[in-house]
Amino acid sequence: MGSYILKRLLAAIPVILGITVIVFLIMSLIPGDPATAILGSYATPENVEKLNRDLGLDKPLVQQYFIWLGNMLQGDFGRSFSLNRPVLDEVLERFGATLVLAGTSLVICSILGIIAGVVSAARQYGVADKAITFIVLIGISIPSFFLGMMMILLFAVNLRWLPVSGMYAIYGGGDLPDLIRHLLMPATALAVVATGVIARLSRSAMLEVLRQDFIRTARAKGVTERNVIWRHALKAAMVSIIPVIGVQAGFVLSGAVYIETVFQWPGVGRMLVTAILTRDILLVQGGVVIVAACYVLFNLAVDVAQSLLDPRVTT
Amino acid sequence: MTAGDVAPTPQRRRPAAGAFLKLFLRNRLAAAGAILLTAVVLLSVLAPLLPLQDPYAQDTAQKFLRPFSPGHLLGTDHLGRDILSRLIWGTRLSLVVGLVASFGAAFFGSVIGITAGYFGGRTDNWLMRAIDMLMAFPYILLALAIVAALGPGLVNALIAVAVVNIPFFARNIRGVTVTLAHKEFVDAARLAGMTDLRIMVSEILPNVLPVIVIAMSTTVGWMILETAGLSFLGLGSQPPVADLGSMLGEGRNALITDPHASIVPGLMIFVIVMSVNLLGDGIRDALDPRLRSGALTRPMARTIVDRNAVPQPPADPALLNVQELRTEFRVGSRTLKALSGVTLQVRPGECLGLIGESGSGKSVTALSVMGLVASPPGVIAGGAVRYAGTEVLGAPFSELRKLRGDRISYIFQDPLATLHPLYRVGDQIVEAIQAHHAVSKSKARARALELLEAVRIPNASSRIDNFPHELSGGMRQRVGIAMALVNEPDLIIADEPTTALDVTVQAQILSLLDDLRRERGVAILFITHDFGVVAQLCDRIAVMYAGRIVETGPTAAILADPAHPYTRRLIACVPELGEGQRELHAIPGLPPAVDDLPPGCAFAPRCDKAQPACRTGEIPLDAFGSERAVRCLFPESDQAGGAA
């Protein structure tokens, strides 16, 4: 097991390097003088020249990449000019808020999606199955940002149950109940599409597994039907459900960009959008590299979880 | 599930009508999607011809008019512009952008995929590595990075969305190309001196085109949504031009005071994505033949019982009485009669061998006893199964479950497929105990270990923590036997337990079963196609043909002097070692299809002694001597003692 994790960790290194190369190449597409683009059009010529020197932008492209990479490895992602603070500090602080939101969402969609899929499969063609299938169809078709806005209208404006925005708890301004009240709507809105996708997949994975011989064995042993479904079948189905959760994590993280904007959640997604609109290129660059690298590590964790579940993977 | 329900619902009774209805419903949904989508596309295509107001004409005095205001059917936005007009023009823009992005992604994805798949080797390796890198990003980060570099704007958002979707196309198309690259027609083109480029364009491309089209149809809705999303964030279309996303984004600023400016474009996006999804699902279902045959249904906890009458209890109550059992498979409009009236008894401590060719119904008989025939499509259409005098087919599910694995247990054929791959074998045995007895985990584990030793698994104390895939086939079958024995059942139903094993292991397993039977006095219903196995283990034999018992009696008597022509032929098929010169007699013809049984004796078409009388009417299973019975009008016998 240890050697398997090590192997996967080593395999993640070239992927993360590849990510930095891709981000670097995309950023080199910036038209005109990058320093001007980074500092904005009101920058003084001296500042532009200084930045060009600092970033090594007067050097050849390959050399520029390695300077950038070297700086990042030392924890130097540059300074955000619009916020006037180190990119790394800003990104890490914002990423915490995003992790709370996306993590909650991922937990919600995994649990609800799997339950819905299992119930649907166990009662195939029954009323519950049809109802779930219909709800799932609507769920995967509704854009999360639109859903979020409609939730605000209903729960915050009309019913006045939940606050629209203003989550500060993560930064020490409130307690856990306050955080939960702020989290409820955005996390749910973000989870809906992924819940639908996971439910659909869990249903078909369960149907596939329930036809297997070992399910008949469990029934022949006299195992209760509840255990047949929730222990025997679900455990085997998890082998194909877990990778889907891994993929959905990417979609939840992506959807967080919209949801953070709708609910003014102080996360990394909204930070990136603002940074793009203010042309704060270094902040975008740093944010994208850090979040993407974390996503690679998350997928690695999914693979490890998979191998823990299925002993056939590592042997 | 169906705990305790004996009477099947009408829907299950007529799966043919049900399947048709389901398909119809599904098609109806798909058709609804198609109609919706066509309407949306028509509206946006005809936008220039429709009597719409100027979508850019501002009139701040008229801002935020509610829907159904005079002159503005859907109201006006924050600048007093007509929302209906903006909606239709915005939809047009969103559809165009989504389509162009889709074509762009398809084009570049196909170029990469075909190149990688066609050249293979290093080219393939490098291209696919690069694609993997792109896929390592959460998609929106990549799109945001591209928009950040190129600057906000609809064209740039379009480029970003297209680039993000390239990997999907590249991977799919590479996969198809790889299989094509070594086909004869490509080799032929190469030999004819065509350039690589020409081969890719004129030979490969036409063959991967369907894949490209399917991939496009599944992603176009997604791309419309993604570009709308970027516009919503203010990174796509810039004012005053608006696609659906930026309309929604602008409306959001007045969400609380004037929600209609958000709801209208939001609903439109929802309608488009939903109709694309409906259409896609419908197409996928129609293309997937597994759904049509109903093969993707899951078996329920017990076989559906749908019988008119329960036979009277027999005069001679054995341990297990199977009476006139009729099990069918109802697939669509066809009914396959797997069993047409099987009757057999197993007495305490006795071993009955149930023998027949594949398809004769012996496994179905075994599974029907405890309601384990996969259902749907299996249905028990008649007869009764009595264990110790109690009828079990009609019993509530909780009663049936208590018998399963406790009083009557099973050993199945292929121990790799029949053990759960993700649980340790010890835990699987423990579970069999705890399903019926409230004992502690440690006690159950000690019992499991005891059983593993009893079935002679070497090193049982460490093997108990192995997963099934870590054991050999013979070991796995020993685990299966231990699991069947663990609750000291009265009857074990062994369904070809040695068929998947090699000969030496087979002999070990058989002698193990024989020892266990003698030591523990457990009765065995042994299903096999092998007379050699039967001779070694069984007290009595029942021979099955086409879903019926055709002969039954003590093993020695039948082997020495088979009465039914079929039994005789079957025994003649068994090669015997050391009798090298003996001629093997294959039975001519094939067993009949069980949905089309001939009247009279099912074996008559293959029987060289068949008379006209054999082909009419029901032929009963008549007593033949004191302990035997045979279903034949003209039983063959060397001894004249036949009572027929």
(request) Assess whether B:Asp196 counts as being away from chain A (no Cβ under 13 Å), acidic (Asp, Glu), in contact with a helix residue (DSSP H, G or I) (Cβ under 8 Å, 6 or more places away or on another chain) and over 30 Å from A:Gln285 (Cα atoms). (result) yes
(request) Look through the range B:234-247, keep the residues that are within 10 Å of chain A (Cβ to nearest Cβ) and more than 43 Å from the chain's Cα centre (by Cα), and return whichever of them is surrounded by the fewest Cβ atoms within 10 Å (Cβ to Cβ). (result) B:Gly234
(request) Starting from residues that are surrounded by 16 or more Cβ atoms within 10 Å (Cβ to Cβ) and free of Cβ contacts under 8 Å to residues at least 60 places away in the same chain, keep the ones in the range A:57-92 and report whichever is nearest to A:Leu25 (Cα to Cα). (result) A:Tyr65
(request) Give B:Tyr410, B:Tyr423 a once-over and let me know the one that is in contact with a strand residue (DSSP E or B) (Cβ under 6 Å, 6 or more places away or on another chain), closer than 22 Å to A:Asn227 by Cα and not in a helix (DSSP H, G or I). (result) B:Tyr410
(request) Quick one: in the range B:450-476, of everything that is charged (D, E, K, R) and within 27 Å of the chain's Cα centre (by Cα), which residue is farthest from A:Arg312 (Cα to Cα)? (result) B:Arg476
(message) So, in the range B:457-479, exactly how many residues are surrounded by 14 or more Cβ atoms within 10 Å (Cβ to Cβ) and not in a helix (DSSP H, G or I)?
(response) 5
(message) Every residue in the range B:356-398 that is of a type in the set (Gly, Ala, Ser) and in contact with a Phe, Trp or Tyr (Cβ under 7 Å, 6 or more places away or on another chain), please.
(response) B:Gly356, B:Ser360, B:Gly378
(request) Consider B:Pro299 carefully, then state whether it is at pLDDT below 85 and either at positive phi or not acidic (Asp, Glu) (or both). (result) no
(message) When you check A:Arg219 against the structure, is it of a type in the set (D, E, K, R), more than 13 Å from A:Val119 (Cα to Cα) and away from every other protein chain (no Cβ under 12 Å), yes or no?
(response) no
(request) For A:Ile142, indicate whether it is within 14 Å of chain B (Cβ to nearest Cβ) and closer than 30 Å to B:Thr227 by Cβ. (result) yes
(message) Given the criterion within 13 Å of chain A (Cβ to nearest Cβ), within 20 Å of B:Asn308 (Cα to Cα) and touching a residue at least 24 places away in the same chain (Cβ under 8 Å), identify the matching residue among B:Ser363, B:Ser368, B:Ser340.
(response) B:Ser368
(request) Specify which of the listed residues (A:Leu190, A:Leu137, A:Leu210) is of a type outside the set (Val, Ile, Thr) and either surrounded by fewer than 23 Cβ atoms within 10 Å (Cβ to Cβ) or in contact with a strand residue (DSSP E or B) (Cβ under 7 Å, 6 or more places away or on another chain) (or both). (result) A:Leu137
(message) If I filter the range B:480-513 down to residues being over 26 Å from B:Pro421 (Cβ atoms) and touching a residue at least 60 places away in the same chain (Cβ under 8 Å), which single residue comes out as surrounded by the fewest Cβ atoms within 10 Å (Cβ to Cβ)?
(response) B:Asp490
(request) Being within 25 Å of B:Val305 (Cα to Cα), at the interface with another protein chain (Cβ under 7 Å from one of its Cβ atoms) and charged (D, E, K, R) is the filter here, so list the residues in the range B:391-435 that pass it. (result) B:Arg401, B:Lys402, B:Arg404, B:Asp406
(message) Of the residues B:Pro562, B:Pro497, only one is within 23 Å of B:Met370 (Cβ to Cβ) and not basic (Lys, Arg); which?
(response) B:Pro497
(message) Can you pull out every residue in the range A:101-118 that is in contact with a Leu (Cβ under 7 Å, 6 or more places away or on another chain) and either surrounded by fewer than 24 Cβ atoms within 10 Å (Cβ to Cβ) or at positive phi (or both)?
(response) A:Thr104, A:Val118
(request) Please verify whether the range B:129-138 includes one or more residues that are modelled with pLDDT under 90, in a helix (DSSP H, G or I), at the interface with chain A (Cβ under 9 Å from one of its Cβ atoms) and crowded, with 24+ Cβ neighbours inside 10 Å. (result) no
(request) Could you please find all residues in the range B:248-273 being polar (S, T, N, Q) and more than 9 Å from chain A (Cβ to nearest Cβ)? (result) B:Asn253, B:Thr257
(request) Within the range B:13-59, work out how many residues are surrounded by 12 or more Cβ atoms within 10 Å (Cβ to Cβ) and at pLDDT below 75. (result) 13
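The values are calculated or read from the model by the stated rules, or taken from the named source; none is laboratory data. Computed from a prediction, not measured in an experiment: that's the story for all the values here. Cβ: placed from backbone, ideal geometry, glycine included. Neighbour counts: every protein chain shown.
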